[in-house]
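To start, the structure itself, in structure tokens.
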Amino acid sequence: MEGIEHKMISVNGIDMHVAEMGQGPIVLLIHGFPELWYSWRHQIIYLAAHGYRAVAPDLRGYGDTTGAPIDDPTKFTTLHVVGDMVALIDALGADKVFVVGHDWGAMIAWRLCLFRPDKVKALVNLSVHFSPRNPKRKTVENMRAAYGDDHYICRFQKPGEIEAVLASVGTKKVVEKFLTHRDINPIYFPKGKPFGDAHDTPVMLPSWLSEEDIDYYTKKFEQTGFTGGINYYRSMDLNWELEAPWTDAKVSVPVKFIVGELDLVYHIPGVKEYINGGGFKKYVPLLDEVVVIQGAAHFITQETPDKVNKHIYDFLQKF
């Protein structure tokens, strides 16, 4: 970790904190919720040792990145965040880069490939598959119809409300609860009982997540709060409006997709059939391979780093 270099880069009106290491072709690593550049620590070191320049930013609203108006969720759309990534790629002096995304980072990476395929050599996306836009129904409306008002995405919508709930739980416990989540069922945040039935269960850290790791996330989220990350969910319906021109658009870059067998996203009804039955390939025609990591859940960059690193490296070596 000592060899990882940290710098601030001005991009798209914000000051972005970037962790990087290595020399060679750039691999842009885009994190999810509730995470940071730190979630890529294993990949950064591995890629740097194998001839690549690994670059992992804190996304707008996260960590040491500053300048995004946290009190305005409309400034957290996919167009804003993809704009940040394009400006970062330009600031790094590259025409195009390899991209690896996880969770919300995967959603941003899919959009980067839709909006600016000229910037991406190839993509490895983790956990969250590409979902075509539904022109008939907004995203949050869809979630509410499927899962009800207590689904976490629905509960995240009203500014300030979920922040107060998470504050009552405590930053460290929130971080622990999310990062150790292994239930394949949807996440619910019933009023008065955040994290549902798991609320009162003490957290036992798995072997792949140390107290030091939890402390790093906790320190950063205590500094920033969770609002920046939650704003990505609050902009979902605005994304739906803004992305209308890309209805039925296809992802036109080479892709490898990796998901944990126990990832809750993989267990959304219909998703396995979509991924493995041809629907996914229809929208991602250059899909090279789908890898399901047995026994692994959602946070695979940290849970199974050796497998994930090898899968990323093997794919990038094709180009």
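The values are calculated or read from the model by the stated rules, or taken from the named source; none is laboratory data. What you see is a predicted model; the values in this text were computed from it and never measured. Neighbour counts are summed over all protein chains in view; Cβ atoms, including those assigned to glycine, are modelled from backbone coordinates with ideal geometry. Heavy atoms of the whole protein, side chains included, go into the accessibility calculation; ligands, DNA and RNA do not. Shrake-Rupley method; radii C 1.70, N 1.55, O 1.52, S 1.80 Å.
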Matching residues, the range 263-319, being within 23 Å of Ile214 (Cα to Cα) and open to solvent by 50 Å² or more (accessible area, probe 1.4 Å) | Asp306, Lys307
Answer from Val251, Val255, Val292 - the residue that is over 29 Å from Lys138 (Cβ atoms) and not hydroxyl-bearing (Ser, Thr, Tyr) = Val292
For the subset of the range 86-96 comprising residues that are assigned to a helix (DSSP H, G or I) and touching a helix residue (DSSP H, G or I) at 6+ places or on another chain (Cβ under 8 Å), which member is most open to solvent (accessible area, probe 1.4 Å)?
-> Val86
Can you spot a residue in the range 302-319 that is within 20 Å of Gly105 (Cα to Cα) and touching a Ser or Thr at 6+ places or on another chain (Cβ under 8 Å)?
-> yes
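Open to solvent by 10 Å² or more (accessible area, probe 1.4 Å), within 24 Å of Val175 (Cβ to Cβ), charged (D, E, K, R) and touching a strand residue (DSSP E or B) at 6+ places or on another chain (Cβ under 9 Å), is that true of Asp103?
Details: open to solvent by 10 Å² or more (accessible area, probe 1.4 Å): yes; within 24 Å of Val175 (Cβ to Cβ): yes; charged (D, E, K, R): yes; touching a strand residue (DSSP E or B) at 6+ places or on another chain (Cβ under 9 Å): yes.
Yes: the conditions hold for Asp103.
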Read through the list (1) modelled with pLDDT of 95 or more; (2) within 20 Å of Glu303 (Cα to Cα), then give the number of the only condition that Gly228 fails.
-> (2)
Candidate set from the range 1-46 (those that are under 15 Å from Pro305 (Cβ atoms), out of contact with any Leu (no Cβ under 9 Å at 6 or more places or on another chain) and among the hydroxyl-bearing types (Ser, Thr, Tyr)); member that is most open to solvent (accessible area, probe 1.4 Å) | Tyr46
Just one of (1) in contact with a Phe, Trp or Tyr (Cβ under 7 Å, 6 or more places away or on another chain); (2) closer than 19 Å to Gly24 by Cα; (3) of a type outside the set (S, T, N, Q) trips up His129, so point out which.
-> (2)
Please give the helices (runs of 4 or more DSSP H) falling wholly within the range 231-319 in which 1 or more residues are modelled with pLDDT under 95 and touching a Gly at 6+ places or on another chain (Cβ under 7 Å).
-> none
Among the residues of the range 118-151, which ones are touching a Pro at 6+ places or on another chain (Cβ under 8 Å) and aromatic (Phe, Trp, Tyr)?
-> Tyr147
Out of the range 88-105, which residues are more than 18 Å from the chain's Cα centre (by Cα) and at positive phi?
-> Gly93
In the range 47-85, residue surrounded by the fewest Cβ atoms within 10 Å (Cβ to Cβ) [restricted to those that are aliphatic (A, V, I, L, M) and within 17 Å of the chain's Cα centre (by Cα)] | Leu79
Considering each residue of the range 146-184, count those that are under 20 Å from Tyr232 (Cβ atoms), in a loop (DSSP other than H, G, I, E, B), in contact (Cβ under 8 Å) with a residue 24 or more places away in the chain and out of contact with any strand residue (DSSP E or B) (no Cβ under 6 Å at 6 or more places or on another chain), and give that number.
-> 4
